[in-house]
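Every number here is computed from the coordinates shown, using simple stated rules; none is lab data. Nothing here was measured: the structure is a model prediction, and the numbers come from that model. A quick note on method: Cβ atoms are made from the backbone with ideal geometry, for glycine too, and the neighbour counts reach across all protein chains shown.
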Amino acid sequence: MATPESQDAWGDFWALNSKGQTQGGSAGGDSGGCLPQRWAAIEQAQQMAWHGFVSDLDSGARLLDLATGDGRVLRWMLGKRTDLQLIGIDLAPKLPMPPKGTETRGGVPMEELPFEDDRFHAVSSQFGFEYGDVTKVSAEIARVLAPGGKVGLMVHRGDGPILEHNRTRRNQLLWALKEKAVARKVKSALKAGSTGIDRAAKIAGKVAEQGAQKFGQSSPAWEIPEAIRRSCLMGRQAGVGSITETIGIIEGHAKNELGRIKSLSGACKTADARNKIVSAFDAHGLALRDTQAIREPTGRELADFITFG
């Protein structure tokens, strides 16, 4: 089941994503999520799977999307079927603006859905179901699903590129925060007052240079110390206290990302225990219909799309 720590981590993640939308993005946009932005082909494969899922729903059917995040699955479905009534829920308390024509609600656990019995004709989840308590969530899905309804779950794979990508980021975050201890060293230098700002900036700059050489300038190993360096330089007039506060915010976001990656790793383990998932749905009369592998352009399997009904 999702923990308060993972709730904070994903809340931070979607709050930052929402800020990105105000800078030219669109609600429910393809901002990348857990995937690098360049993996557009992967999202296309995901989109096609959801198009197939909603293609045979009755006109005006009601669909609930669990752990909806930025609502991209809702947007993809709406692009295929404008007649559907689409609503999404997510544990994160603050969510980006939902796609036009849909509704999303934050702060809602999958284990306690605020809907009456037999409300929906279909329930979906992309990289969300496996973050919850399998037994409780499957029971709630069965409760709100109308007779004859169907369930579609796109779930992580522990051997896939998504976890691999995020583990790489985890190692880079830990390199900056723990191995190089850039935030701690900079805050220590700042204790010298205004004379320590230049020294603090140099410390952060050196770590940023090392991070770029070791991991690349798109890595958090560069991003974190570089952000701290700039905070030092830009905070001269505001003073040491303001700089220290900004560094604390940078650390907080980094630690929340570590929490998100930890929850992702746990979700992969849950998804890989496929027999438990199948048994949980079967206990409520929802049999496994199909399992389809979702692949990246190289052919590597990154997720499984499983349906029940």
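Residue pairs, Cβ under 6 Å, 6 or more apart or interchain, first in the stretch 285-309 and among the hydroxyl-bearing types (Ser, Thr, Tyr), second buried (at least 16 other Cβ atoms within 10 Å of the Cβ) and not in a loop (DSSP other than H, G, I, E, B). List them.
Qualifying pairs under 6 Å: THR291/ASP304; THR291/ILE306; THR307/GLY152.
List pairs: first residue in the stretch 49-66 and under 10 Å from PHE120 (Cα atoms) and touching a residue at least 24 places away in the same chain (Cβ under 8 Å), second residue basic (Lys, Arg) and surrounded by fewer than 19 Cβ atoms within 10 Å (Cβ to Cβ) anywhere in the structure, Cβ distance under 7 angstrom, at least six positions apart or on different chains.
Here the result reads ARG62/ARG119, each pair linking the stretch 49-66 to a residue that is basic (Lys, Arg) and surrounded by fewer than 19 Cβ atoms within 10 Å (Cβ to Cβ).
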